[in-house]
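Any read-out appearing in this document is the output of simple, stated calculations on the displayed coordinates, not a laboratory observation. For clarity, every value in this text was computed on a predicted model and none was experimentally measured. In this analysis, Cβ positions are derived from the backbone assuming ideal geometry, glycine residues included, and neighbour counts consider all displayed protein chains.
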Ligand SMILES: [Zn+2]
Ligand SMILES: [Zn+2]
C-alpha cells in the first residue's frame with residue numbers, strides 16, 4: 001500500500017513538475033513576446049490572464065476525441081440535415097417507391113416531351129391532313145383510271161363503294177375526334193362523387209378522371225393524349241378516336257392490297273431507269289411510278305403501325321379499361337395477389353357489353369346506324385358517374 005502510494009506520488013510529482021515547467025516556459029514566452037510588443041514588463045496577473053486566454057483558445061481549437069465537432073463540421077452537418085428534410089418534405093410519403101423516384105428523375109424529360117407535344121400538335125395534325133390528301137390525289141389520278149379502264153363492272157362497283165365508304169368514315173371520325181372535347185370535371189362545387197383531388201387543378205376528380213399534363217387540365221375517362229389529333233382522348237371522343245383508327249387501318253390496308261401489282265410494276269420500272277440504254281419513259285409515267293411506290297410504302301407502313309395500335313385499343317375496350325387504367329390495374333392486380341386476393345375491374349361490364357357501351361349500341365339496328373355509318377350520338381353516361389347500363393344484360397358478377 002505504501003509502495004503503491006509512493007509510486008502514485010512519484011508519478012504525480014513528475015506530472016506536476018512537467019506542468020510547472022511547461023507553464024513556466026509558456027510564461028517566459030509570453031513575457032518575452034509582451035516585452036517585444038509592449039516594450040516593457042507587465043504585471044504577473046496580466047501575464048497569468050493572458051496565459052489562461054491562450055490555453056482556452058488552444059482547447060477550443062483542439063476538441064477532444066468523441067467530444068463536440070468543430071464549427072465547419074457542425075455547419076456541414078446542419079446543411080446536410082436541412083437538405084434531407086427539405087427533400088423528404090417535398091417527395092416523401094407512405095407511397096414513395098422506386099417508381100416515384102424514377103418519375104422525379106425523369107421529370108425534366110417529361111416536361112420537354114409535354115411542351116414539344118403541345119407546340120407540335122398542330123404540325124402533327126397538318127401532317128395527317130397532308131399525307132391523307134396526297135394519298136387521295138394519287139388514288140384519284142393514278143389508281144382510279146386503271147380500275148375504271150381494266151376491271152370488270154362488279155369490281156369497279158366494289159372499289160367505288162368500299163373506297164368511298166371508308167374515306168367518308170375516316171374523314172368524319174377524324175374531324176369529330178379532333179374537334180370534340182374529351183370532357184372535363186365540373187370546376188364549381190357539385191354533388192358529383194369524387195375519388196380524389198387533382199393536385200394541379202385543385203378540383204375533385206370523379207372516378208376514371210385523370211390529369212393531362214399536356215392539356216393542363218383534368219379529363220373524364222382519360223385514355224391518353226394523342227398528338228395526331230392534338231387532343232386528349234377521353235369520355236366524349238373515345239368512340240371517334242377508335243373508329244378513326246379502325247377505318248384508317250382498313251383504308252390503308254385496302255390501298256396497300258389494291259395497288260400491290262402496280263407497285264411491283266412501278267418498282268421494276270424505276271430499277272430499269274439505270275439500265276443502258278435507259279428505257280423511254282415520259283415525265284408523266286415516271287411521276288406515276290414514283291407516286292405508286294410512295295402510296296404503297298406509306299399505306300403499308302401506316303397499316304402495320306396503326307393496325308397494332310388499333311388492336312391494342314380493341315383489347316383494352318374488350319377488358320373495359322383505358323390506357324391509363326391498364327397501368328393502374330396491373331399494379332393493383334400485383335398488390336392484391338401478394339395478399340392472396342383477386343382484382344376485378346369495376347368498369348368491365350362483359351366483353352360484348354363493353355363494345356356496346358363504347359359505340360352506344362342499345363338496339364340491334366344501332367350496329368348499322370351508329371357503328372357502320374357516321375353518327376354524332378352522345379356516349380353512355382356523363383363521364384362523372386359510372387353505373388351499369390340498364391339497357392344491357394349483366395353477365396359477369398361485379399365484385400372487386
Ligand atoms: Zn387536373
Ligand atoms: Zn391532353
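Please report the relative contact order for the stretch 259-400, taking Cα pairs under 8 Å with a sequence separation of at least 6, and give it as a percent rounded to a whole number.
Averaging sequence separation for qualifying contacts and normalising by length gives 19 percent for the stretch 259-400.
What order, most packed first, do the peptides 239-245, 276-282, 179-185, 366-372 have when packing is the mean number of other Cβ atoms within 10 Å of each residue?
The densest-packed peptide leads the list: 239-245, 179-185, 366-372, 276-282.
So, in nm, how far is label residue 376 from label residue 196 when the simple model puts each one 7 Å beyond its Cα toward the Cβ?
The two pseudo-label positions are separated by 3.6 nm.
Hey, could you get me the Stokes-Einstein D for the stretch 190-331, Kirkwood radius over alpha-carbon pairs, 37 °C and 0.692 mPa s, rounded to whole µm² s⁻¹? Before the final figure, lay out each step's value.
Numbers: Rh = 18.6 Å.
Answer, rounded: 177 µm²/s.
How big is the stretch 144-203 by Rg and Dmax over its Cα atoms, in Å?
23.8, 66
Of 258, 272, how do they rank once you tally other Cβ atoms within 10 Å and put the fewest first?
By the 10 Å Cβ count, ascending, the order reads 272, 258.
Could you give the length gained by full extension between residue 213 and residue 77, i.e. 0.36 nm per residue of separation minus their alpha carbon distance, to one decimal place? Walk me through the intermediate numbers first.
Working: separation 136, 0.36 × 136 = 48.96 nm, distance 3.80 nm.
My answer for the length gained is 45.2 nm.
How large is the translational diffusion coefficient of the stretch 103-173 in µm² per second when you combine the Kirkwood radius over alpha carbon pairs with Stokes-Einstein at 4 °C and 1.567 mPa s?
84
Based only on other Cβ atoms within 10 Å, what is the fewest-to-most ordering of 273, 254, 162?
Ranking 273, 254, 162 by Cβ neighbours within 10 Å, fewest first, gives 273, 162, 254.
Using a Förster distance of 22 angstrom, determine the FRET efficiency expected from the C-beta separation of residue 332 and residue 90, and round it to 0.05. Can you show the working numbers first?
On the way: r = 26 Å, r/R0 = 1.20.
According to the calculation, E is roughly 0.25.
Rounded, prolate or oblate: which fits the stretch 252-342, taking a ≥ b ≥ c as square roots of the Cα gyration tensor eigenvalues, rounded meaning a/c under 1.5, else prolate when a/b beats b/c?
Since a/c reaches 1.5 and a/b is larger than b/c, the shape of the stretch 252-342 is classed as prolate.
Using a 10 Å cut-off around each Cβ, can you sort 157, 139 from fewest to most neighbouring Cβ atoms?
Arranged by neighbour count, lowest to highest, 157, 139 become 157, 139.
Within the stretch 191-234, list the residues whose amide N lies under 12 Å from a label point set 7 Å along Cα→Cβ of residue 118.
212-217
Treat each spin label as a single point 7 Å out from the Cα along the C-beta direction, and report the residue 352 to residue 285 distance in nm.
Each label point is offset 7 Å from its Cα along the Cβ direction, giving 5.7 nm.
Radius of gyration and Dmax for the stretch 238-296's Cα atoms, expressed in Å?
Taking only Cα atoms of the stretch 238-296, I get Rg and Dmax of 16.2, 57 Å.
Assuming 1.567 mPa s and 4 °C, estimate D for the stretch 288-400 with Stokes-Einstein, Rh taken as the Kirkwood radius over Cα pairs, in µm²/s.
76
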